[in-house]
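> Sending over a structure as structure tokens; questions will come in a sec.
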Amino acid sequence: MPSETVVDLSRLQFALTAMYHFLFVPLTLGLSWLLVIMESAYVMTGKEIYKDMTRFWGKLFGINFAMGIATGITLEFQFGTNWAYYSHYVGDVFGVPLAIEGLMAFFLESTFVGVFFFGWDRLTRVKHLAVTFLVALGSNLSALWILIANGWMNNPVGAEFNYLTMRMELSSIRDVIFNPVAQVKFVHTVAAGYVTAAMFVLGVSSWYMLKGRDLKFAVRSFAIAAGFGLASVLSVIVLGDESGYTTGQVQRVKLAIIEAEWETHPPPAPFTVFGIPNDKTETTDYAIRVPWALGLIATRSVDEEVTGIKDLKKEAEKQVRNGMIAYEALEKLRRGDTNPEVRAAFEETKRDLGYGLLLKRYTPRVVDATPEQIRSAAADTIPKVAPVYWAFRVMVGLGMLLVFAAAFYFVALRKLVPQRWPAPALYDPIAVDRRRVRLVRRRIRPPALDHRGGAPDFPLRFQHRGRRCMVQLDRLRALLQRTACGRVVPHVQVLPLGAE
Amino acid sequence: MIFDYETLKLIWWVFMEILVIGFAVTGGFDMGVGALLPFLGRTDEERRVVINAVGPTWEGNQTWLITAAGACFAAWPLVYATAFSGFYTVIVLTLFALFLRPVGFDYRSKVEDPRWRSAWDWGLAVGGAVPAFTFGVTFGNLLQGAPFHFDEVLRVTYTGSFGALLNPFALLCGVVSLAMVVMHGGFYLQTRIEGPLVLRAEKASQVAALVLVVAFALGGLWVALGIEGYRIISMPDPGGAIAPLAKTVERAPGAWLDNYSRFEWLWLAPAFGLMGPLVANALARRGLLNLAFWTSAAAVSGVVATAGLSMFPFILPSSSQPNASLTVWDAVSSHATLQIMFWVVVVFLPLVLAYTRWVYRVLGGKVSVETVMENKHQMY
């Protein structure tokens, strides 16, 4: 057994590299489509300003794409360097989408991205637009295959354990591709990427507006980003809800952790709006609950239960015991035992073999585990509640809808240039002047309120339900990117930016 | 086309060879150009000429590496698990060097400061030379076998060290690999640039070609007379699913030449590796630059294929427990996975080649100091 410190460090390393990679990738996912939109406007209207816009944002796309590549190779290699047994155990299934991603998607985007930058004078307008489109298609297909791989990690369908080769083997590629978790993850994540890109364009355009530079360019970019962002943020909300439903169906532990559901409540389960989860007492302190809400969202019914953490632990105990039977049978089979009873026992329990292997940490022989050790192994299936619970709440409470709705509102009224408020609100994180942001936010609310005729926070909290935890870093990411671009923008010397 | 398992295992060995050669030929010249960058370009403009000769296409070329690794994951999971974790330090070193490339290409010319630019030039040189060298070292270790074994649940344990990876034979293979990409990069540059730089690139590739021939010949002698090869004595039917420990393997001097005595036409691969660089040199001296580049590409393919063919059917032999050696027969994925991935490759690889060709046509033409100065803000 490798030492647990090494395992923990490897986990930490994977978390860091994955998050670092994911600072850049969502931006390029969305920015590539914004480039397609801008260049389409150029091809259709023939106005040079749209070409300038495409080149300007293209350059910002380029520097993020480069960082995406630099950080992406690490992620791929890491499976082999740090998670060798995982690579062997699931490579037969998990390697497939990764390899397809390389051949179908990554080749496409990285081969054409060079033509995007250097082909302006060598191709007709329509052909160049086609190249831009292929770059966007490639990067989004890339996300599809990676999320199919990730979806399989969350919900491993279409695979069976083979005791001869000691690994999971592909039984149905169709199940792997049309895995419901993979599908909702894909749409939810790319939509979140589109939001990130729209936020980025909105932020940089606002910076130009505030400085009074290249206004024609900035206003047009702002308008496109506002429309694209509003559509995307609405998609994120709807698809996030879908994702919550799928999680409730196939990943009950994840749902229970996110909601800090310690007990199984009689259906329909109440939703905890606020509370402080306590791992020791296994309760949520100071909980404020809304009756029915969680049951409705997670099961879309009034009579299905949402299983609580305590009951899930009990179920896991049964699975660990099953896993012990599977492990015992596996050892016999590997020693060459051909007794059909052993084989039957193995086939019946092999689904839970992984739960049995959780015991390796406590007893290398697995089969001689004490009830105490079984309880510990079962407890290991439940991660710490508080980090996931709070991360999810931060993600849901970000309130991006408001920003895009307001931005779109002013674009639609053609009041953008005299209306200076959106610009500081978006640009300020670059200056890291929090007090001013807060002041400005207070100023944002009234017009948005008047227009929509309701409290903007209310629908948000509830519509955002179920967004994936990984995406909760959205705001931080957007903020970091804007910070980074604040430094880079002065160096981006693409253009004479327009005639102003 | 539905193939039996044994045939698919063989086909997948060919696919992996193609992907690795694809990377050595395309990514190879990028890395060679990177390694030469600070030595060829004396002024900032000259260096930008060198960078822009490969800048627009290097991303696609590096994808051969990503795809080869992905395909290895899918088709040879045990190899992926064992090689990447066993050669950990070398892989991490390679990764850190590779980090410098995308950032070097994209960020270098966006800031005027000469210190910034010169720093990234050296970054690109490290990003080209170090991976080239470490890939050679890795192949050198594959040829000697690595100390690893499996436990009862097929968990791999590696018992070597970083120092052991850098043994004399592996270092020689590193020199072969580095000389190979420098030569290849030099020949590629000559087809893409104009001005006095061409002469310098020619000189570099001529020297590198000679180093390659000498080092490659030395390596060949070493493999024939020095290091021990591996040979399968007995194993179960290759048409079935086999675990790595089911076969018997012996170590023997000169065993890596077995394949050549069985199939004499295989000598073509080392012949390409030995003669290719010399022919390319002669062609370049006569001004037949495109032909010289393609001959160099054939030489690169010959060198890589030589390593693969000598070891076949071994992929990663184990020096501490030879029976645990990974081969094309027992380190592969299931029949279903190989069959599905066969179709993916058959459909997408020709497509990739087709659009790569189109992209090179569109972005062709010579780069000179004048073109760089005219497009100061657009080019790398």
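For every residue, the table says whether it meets (1) out of contact with any helix residue (DSSP H, G or I) (no Cβ under 7 Å at 6 or more places or on another chain); (2) at pLDDT below 95; (3) of a type in the set (A, V, I, L, M); (4) assigned to a helix (DSSP H, G or I).
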{"position": "A:Leu129", "(1), (2), (3), (4)": "no, no, yes, yes"}
{"position": "A:Trp145", "(1), (2), (3), (4)": "no, no, no, yes"}
{"position": "A:Ile148", "(1), (2), (3), (4)": "no, no, yes, yes"}
{"position": "A:Pro156", "(1), (2), (3), (4)": "yes, yes, no, no"}
{"position": "A:Val187", "(1), (2), (3), (4)": "no, yes, yes, yes"}
{"position": "A:Val195", "(1), (2), (3), (4)": "no, yes, yes, yes"}
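> Please work out which residue is surrounded by the most Cβ atoms within 10 Å (Cβ to Cβ), limiting yourself to the range B:332-352 and to residues that are at the interface with chain A (Cβ under 10 Å from one of its Cβ atoms) and over 19 Å from A:Glu169 (Cβ atoms).
Only one residue tops the list, namely B:Val345.
Here is a yes/no grid of residues against (1) of a type in the set (Phe, Trp, Tyr); (2) closer than 30 Å to A:Phe56 by Cβ:
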position: A:Arg125; (1), (2): no, yes
position: A:Val157; (1), (2): no, no
position: A:Leu170; (1), (2): no, no
position: A:Phe186; (1), (2): yes, yes
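> Within the range B:151-170, how many residues turn out to be assigned to a strand (DSSP E or B) and more than 9 Å from chain A (Cβ to nearest Cβ)?
1
> Now for a separate question. Can A:Ala225 be described as in a helix (DSSP H, G or I) and buried (at least 24 other Cβ atoms within 10 Å of the Cβ)?
yes
> List the number of the failed condition for B:Ser234; all other conditions in (1) within 27 Å of A:His88 (Cβ to Cβ); (2) buried (at least 19 other Cβ atoms within 10 Å of the Cβ) hold.
(2)
> Right, something else. Restricting attention to the range A:32-85, and to residues there that are within 11 Å of chain B (Cβ to nearest Cβ) and of a type in the set (D, E, K, R), which single residue is farthest from A:Val195 (Cα to Cα)?
A:Glu76
> Which members of the range A:93-104 meet the condition of being at the interface with chain B (Cβ under 7 Å from one of its Cβ atoms) and not small (Gly, Ala, Ser)?
Within the range A:93-104, A:Val96, A:Leu98, A:Ile100, A:Glu101, A:Leu103, A:Met104 qualify.
> Exactly one of these conditions fails for B:Ile315: (1) assigned to a helix (DSSP H, G or I); (2) at pLDDT 95 or above. Give me its number.
So the condition that B:Ile315 fails would be (1).
> Pick out, from the range B:1-83, the helices (runs of 4 or more DSSP H) lying fully within it that include 2 or more residues that are of a type in the set (Phe, Trp, Tyr) and surrounded by fewer than 23 Cβ atoms within 10 Å (Cβ to Cβ).
Ranges flagged: B:5-22.
> Just one of the numbered conditions (1) under 30 Å from B:Arg108 (Cβ atoms); (2) within 14 Å of chain A (Cβ to nearest Cβ); (3) surrounded by fewer than 23 Cβ atoms within 10 Å (Cβ to Cβ); (4) not small (Gly, Ala, Ser) is not true of B:Val369; which one?
For B:Val369, the exception is condition (2).
> Now, a different point. Here are the criteria: (1) at the interface with chain B (Cβ under 8 Å from one of its Cβ atoms); (2) under 21 Å from A:His188 (Cβ atoms). Tell me which single one A:Phe107 does not satisfy.
With respect to (1) at the interface with chain B (Cβ under 8 Å from one of its Cβ atoms); (2) under 21 Å from A:His188 (Cβ atoms), A:Phe107 is out only on (2).
> Also: If you take the residues of the range A:342-401 that are crowded, with 18+ Cβ neighbours inside 10 Å and among the aromatic types (Phe, Trp, Tyr), which of them is farthest from A:Met324 (Cα to Cα)?
A:Phe392
> Take the conditions touching a Lys or Arg at 6+ places or on another chain (Cβ under 9 Å) and either more than 18 Å from A:Phe200 (Cβ to Cβ) or assigned to a helix (DSSP H, G or I) (or both) and apply them to A:Val115. Does it pass?
Criteria met by A:Val115.
> Only one of these is in a helix (DSSP H, G or I), within 14 Å of chain A (Cβ to nearest Cβ) and surrounded by fewer than 18 Cβ atoms within 10 Å (Cβ to Cβ): B:Phe96, B:Phe135. Name it.
B:Phe96
The values are calculated or read from the model by the stated rules, or taken from the named source; none is laboratory data. In this text the structure is predicted, and so the values were computed from the model without any measurement. In this analysis, Cβ positions are derived from the backbone assuming ideal geometry, glycine residues included, and neighbour counts consider all displayed protein chains.
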